[in-house]
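Let me begin by presenting the structure, written as C-alpha cells, before commenting on it.
Throughout, read-outs are computed from the coordinates displayed, never taken from laboratory work. As the structure is a prediction and not an experimental result, all values here were calculated from the model. Virtual Cβ from ideal backbone geometry, glycine too; neighbours counted across all protein chains shown.
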Amino acid sequence: MKKRLLSLAHTLIVLLMIFIAMVPFYFLLVTALSEKKWRSIFVPQFYFGGFAEVIDKAHLGTAFFNSTVLTVVPLFFIIIITSSAGFLFARSEKKFDRVWYYLIIGSMMVPTIILSVPLYRLMRAIGGINTYWGVTLLLITEHLPFATFLYTNFIRSRSLELEEAARIDGCTRFQAFWRVVFPTLKPITATIVILDAVSLWNTYTIALLFLQKSEMLTVPLAISRFVNSYGAEWNLMAATAVLALLPPVIVFAAFQKYFIKGVMTGAVKG
Amino acid sequence: MVLPEIILFVVFFALPFLSVIGMSFTNYNGIQSFDFVGLDNFRRLLGDARAMRDLQNTLLFGFVSALLLNVFGLIYALVLEKDTRLNRLARTLIYVPSIISGFISGYIWKIILTADTGALYRVLEAFGLLNLWTNYLADMDKAIWVVIVVNLIQFVGGTAIIYVAGIQSIDPELYDVAKMDGAGYFKTLRYVTMPLLTPAIRINVVTNIIGSLAVFDIIMSLTGGGPGYATESLSMFIYRNVYGGKTGYATAVSVVMILVILIPVVISMLEMNRRERKYE
C-alpha cells in the first residue's frame with residue numbers, strides 16, 4: 001500500500017515537472033493561432049493568418065537565411081579548428097601547449113559582452129561590422145573553449161596505437177590526424193555539432209552588437225525589430241516566437257538521444 | 001595545427017580582454033584620444049545609482065538563480081534517475097526549454113504575463129480568480145523574481161540532466177553496501193550520493209554561476225531592464241554604453257563584472273577540489 005502510494009506520488013510529481021516545462025509552449029501556441037481578438041485561452045482557434053503576416057512584415061525569410069549562414073559556416077570552422085587543436089593539446093607534453101590550453105578553457109568564464117567595447121573598435125577597424133565573415137570570426141572564437149575542452153578530453157581517453165601506426169607508415173602528424181584519427185572522433189563530433197548548432201542559432205549578443213543593417217538581421221534581431229515597430233500585437237509576436245523556436249525544436253526532436261547523451265558525457269568526463 | 005585556434009584566441013579574446021582592463025583606467029569616449037585617469041571610473045561607479053542598482057540586481061539574480069537551479073536540478077534528478085519510460089520521456093521534455101534561446105523564452109513569458117491580454121490573466125479570469133492577479137512585470141520589487149523564476153524554468157532541465165548522469169555513474173554496489181548497513185534514503189543520499197556527485201556538482205555550480213551572473217538576453221526581451229532599472233543587469237549596462245560617449249566608463253563596469261564572475265567561480269572550484277580530495 002505504502003509502495004503504491006509512493007509510486008503514485010512519484011508519477012504525479014513527474015507529470016507536474018512535464019507540465020511546468022510544457023505549459024508556456026501551449027499558451028504560446030494558443031496565442032499564435034488566434035486572431036487579434038481572441039476568444040479562449042484554453043482552446044486554439046487554428047487561425048494561421050498571423051504566421052503569414054509576420055513572415056512578410058518581419059522579413060523572416062532573410063532573417064532565416066542569415067541565421068542559417070551564421071550557424072553552418074562557423075560550425076564548420078569550429079569543428080576543423082578545435083578537433084586539430086584538441087588533438088595537439090591531448091598529445092603534446094610541452095608546458096607551453098598546456099598553458100595555451102588552460103588559457104583557452106579559462107576564457108569560458110568571460111562572457112563576450114564584457115569585451116564589447118574593444119571588440120567594437122576592432123571590428124570597425126577591420127571593416128567586419130555588418131559582414132558575415134566578421135561575425136563568423138567572433139562566433140568561432142566564442143565557441144572555441146567548449147569544443148576544445150570536449151575534443152581534448154575525448155582524444156586523451158583514446159589510445160595512441162592508430163596514430164603511431166600511421167606515422168610508421170610515413171604519414172605526417174597532420175595526415176595522421178585527418179586520415180586516421182578524425183574519423184574515429186565521430187561520437188564527440190556529433191555531440192559538438194548538435195550542441196553548437198543550437199547555440200549558434202540562438203546567438204544574440206554578438207549579432208546584436210555587430211549586425212545592424214536590416215538585410216543582415218538574424219532571427220532574434222528581426223523579431224525584436226518587428227516588436228519595436230509594430231508594438232504589442234501579441235498574436236503576431238507569438239507567431240514569430242513559434243517560427244523562431246521551430247528549427248532548434250526540430251533538430252532536438254530528430255537527435256534527442258544524442259543531445260541528452262552529449263550533455264551527459266560532456267559533463268561527467270569534465 | 002593549433003595555430004588557427006591560438007591566433008583567433010589572441011586576436012578576438014586575449015587582446016580585447018587586456019584592452020578592457022587597460023581602457024578601464026582611461027577616459028576613452030569612443031572617438032577622441034584618451035588619457036589615463038587612474039581609478040576615476042571606479043569612483044564614479046560607486047556614486048552611480050543606476051550602475052549600483054545593476055550590480056545589486058546582477059548579484060541577487062546570479063546567486064539566487066545558481067542556487068535554485070542546483071537545488072531544483074538535483075531534486076528533479078533524484079526523481080527522474082531511474083530508467084523508466086515515464087522518466088525518460090520527462091527527461092526529454094524538461095530539457096526542451098533549454099534549447100530555446102533565452103531571448104525567445106523572454107518573449108514567450110512576456111506574452112503570458114502581460115496585463116489584460118496575457119495568458120495568465122485570462123486563465124485567472126476564466127476561473128474567477130482575478131483578485132489573485134498582480135502585474136508582476138510592472139512591479140519594482142517583484143519583477144526581478146519573475147525573471148529568476150522564468151530563468152529557473154528554462155534551465156532547470158539542463159542542470160537536472162547532468163545530475164542524472166552523475167547519479168547513474170555511481171557504482172550500484174555502493175548502494176547495496178549502504179542498504180546492508182541499514183542506511184535509509186536520506187542517509188544514503190547524504191553519505192553516498194552527494195559525495196560521489198562532486199564532479200557533477202562542480203560543473204553545474206560553475207556553469208550556472210557564470211551563466212546567471214552574465215544574464216543578458218532573457219532580461220532584454222522579458223522586461224528590457226524595467227520597470228525603471230529594477231531588472232537591469234551589468235551586462236545590459238555595458239551593452240547600452242558601448243556606442244555612447246561613456247565607453248571608458250563601460251569598460252570599468254566590465255572589469256567589475258569580470259571580478260563578480262571570477263571570484264565566486266574560483267572559490268567554488270577550490271571548494272569542490274577540496275571535497276573531492278577529502279572523499280578520495
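Ignore the peptide's own chain and count Cβ atoms of other chains within 10 Å of each Cβ in B:237-245; give me the average, rounded.
Numbers: counts 1, 6, 5, 0, 2, 7, 4, 0, 0.
What the average comes to for B:237-245 is 3.
Exposed loop sites here are trypsin sites (Lys or Arg not before Pro) in DSSP loop states with at most 10 other C-beta atoms within 10 Å. What is the longest stretch of chain A lacking them?
A:95-212
Would you mind giving the mean number of other chain beta-carbons within 10 Å of the Cβ of each residue in A:118-124, as a whole number?
On the way: counts 14, 8, 5, 7, 5, 1, 1.
The mean count of partner-chain Cβ atoms within 10 Å per residue comes to 6.
Hey, what's the per residue convex hull volume over the C-alpha atoms of the stretch A:1-156, in cubic angstrom? All intermediate terms of the calculation are to be shown ahead of the outcome.
Details: hull volume 35.7 nm³, N = 156.
Once divided by residue count, the hull of the stretch A:1-156 is 229 Å³.
List the pair-distance distribution P(r) of the stretch A:188-270, using every Cα-Cα distance, as the percent of pairs falling in each 10 Å bin from 0 up to the bin containing the longest distance, rounded to whole percents.
16, 37, 29, 16, 3
Can you check what the Kirkwood hydrodynamic radius comes to for the stretch A:67-149, Cα pairs only, in Å to one decimal? Provide the component values of the computation, followed by the final result.
Working: mean 1/r = 0.0719 Å⁻¹.
One over the average 1/r among Cα pairs gives 13.9 Å for the stretch A:67-149.
Which lysines, if any, have their Cα less than 23 Å from the Cα of A:LYS36, not counting same-chain residues under 8 positions apart?
Within the straight-line cut-off, A:LYS36 pairs with A:LYS57, B:LYS110.
Please list log₁₀ I(q)/I(0) at q = 0.15, 0.17 Å⁻¹ for chain B, using the Debye equation with identical point scatterers on the alpha-carbon positions.
-1.20, -1.32
Excluding B:GLY102 itself, what net charge comes from residues whose Cβ is under 14 Å from its Cβ, given Lys and Arg +1 and Asp and Glu -1?
Numbers: positive: B:LYS110; negative: B:ASP217.
My count for the surroundings of B:GLY102 gives 0.
Going through the stretch B:66-161, which chymotrypsin sites (Phe, Trp or Tyr not before Pro) have at most 11 other Cβ atoms within 10 Å and a DSSP loop state?
When the chymotrypsin sites (Phe, Trp or Tyr not before Pro) of the stretch B:66-161 are filtered for loop state and at most 11 Cβ neighbours within 10 Å, B:PHE127 remain.
With a bin width of 20 angstrom, please list the P(r) values of the protein assembly as shown as percents of all Cα-Cα pairs, from the 0 bin to the one holding the largest distance.
Once binned at 20 Å, the Cα pair distances of the protein assembly as shown give 19, 54, 25, 2.
Just to be sure I understand the model, the point goes 7 Å from the Cα along the line to the Cβ. What's the resulting A:THR131 to B:LEU60 distance in nm?
For A:THR131 paired with B:LEU60, the spin-label model returns 4.4 nm.
Based on alpha-carbon centroids, what's the gap between the stretch B:42-65 and the stretch A:120-183 in Å, whole number please?
About 38 Å separates the Cα centre of the stretch B:42-65 from the one of the stretch A:120-183.
At most 13 other C-beta atoms within 10 Å and a DSSP loop state: those are the exposed GluC sites (Glu not before Pro) I care about. Give me the longest piece of chain A that has none.
Values: sites that count: A:GLU35, A:GLU93.
Value returned for the longest uninterrupted segment is A:94-270.
Can you give the direction-averaged projected area of the convex hull of the alpha-carbon atoms in the stretch B:74-147, in nm²? Please list the in-between numbers first.
On the way: hull surface 28.0 nm².
For the Cα atoms of the stretch B:74-147, the hull's average projected area reads 7.0 nm².
What average number of partner chain Cβ atoms lie no more than 10 Å from the Cβ of the residues making up A:97-110? Display every interim value, and only then the final one.
Working: counts 2, 0, 0, 5, 2, 0, 5, 7, 0, 2, 4, 4, 10, 11.
Averaged over the peptide's residues, the number is 4.
Calculate the spin-label point distance for B:SER169 paired with A:PHE174, positioning each point 7 Å from the Cα along the beta-carbon direction, and give it in nanometres.
Reported label-point gap for A:PHE174 and B:SER169 is 3.6 nm.
Which distance in Å, rounded to a whole number, links the C-alpha centroids of the stretch B:225-280 and the stretch B:66-125?
25 Å
Using a cut-off of 16 Å between alpha-carbon atoms, which aspartates and glutamates can reach B:LYS179, once sequence neighbours fewer than 8 places away in the same chain are excluded?
Answer for B:LYS179, where 16 Å is the Cα cut-off: B:ASP171, listed by chain and number.
P(r) for the stretch A:120-226, please, calculated from all Cα pair distances in 5 Å bins and given in %.
The calculated distribution, bin by bin, is 2, 10, 17, 15, 13, 11, 10, 9, 6, 4, 1, 0, 0.
Obtain the nm distance between the two label points defined at A:THR68 and B:PHE127 by a simple spin-label model: each point lies 7 Å from its Cα along the Cα-to-C-beta direction.
Label at A:THR68, label at B:PHE127, 4.3 nm between them.
Taking K and R as +1 and D and E as -1, what net charge do the other residues with C-beta under 13 Å from the C-beta of A:ILE78 add up to? Mind showing how you got there, number by number?
Numbers: positive: none; negative: A:GLU142, A:ASP196, B:GLU5.
Counting the neighbours of A:ILE78, the net charge comes to -3.
Please identify which residues in the stretch A:71-110 have an amide N closer than 18 Å to a label point set 7 Å out from the Cα of B:ILE7, following the Cα→Cβ vector.
A:74-86, A:88
Looking at this model, which pairs from A:LYS186/A:LYS261; A:LYS95/A:LYS186; B:LYS82/B:LYS278 are more than 20 angstrom apart at the alpha-carbon?
Violating the 20 Å Cα-Cα cut-off are A:LYS95/A:LYS186; B:LYS82/B:LYS278.
How would B:VAL79, A:VAL54 line up from fewest to most surrounding beta-carbon atoms within 10 angstrom? If you can, show how the numbers build up before the last one.
Numbers: B:VAL79 18, A:VAL54 26.
The order, fewest Cβ neighbours first, is B:VAL79, A:VAL54.
Would you compute, from DSSP H runs of 4+ residues alone, the mean residue ellipticity of the protein assembly as shown at 222 nm, taking -39500 (n - 2.57) per run and dividing by the full residue count, rounded to the nearest 500? Before the final figure, lay out each step's value.
Values: 25 runs with 388 residues, N = 550.
The helix contribution divided over the protein assembly as shown gives -23500 deg cm²/dmol.
Got a sec to turn the phi values of the stretch B:234-245 into Karplus ³J(HN,Hα) couplings, 6.51 cos²θ - 1.76 cosθ + 1.60 with θ = phi - 60°, whole Hz, x for Gly and Pro?
4, 4, 5, 4, 4, 4, 6, 10, 5, 8, x, x
Taking Cα centroids, how far is the stretch A:75-100 from the stretch B:181-213 in Å?
So the two Cα centres are separated by 31 Å.
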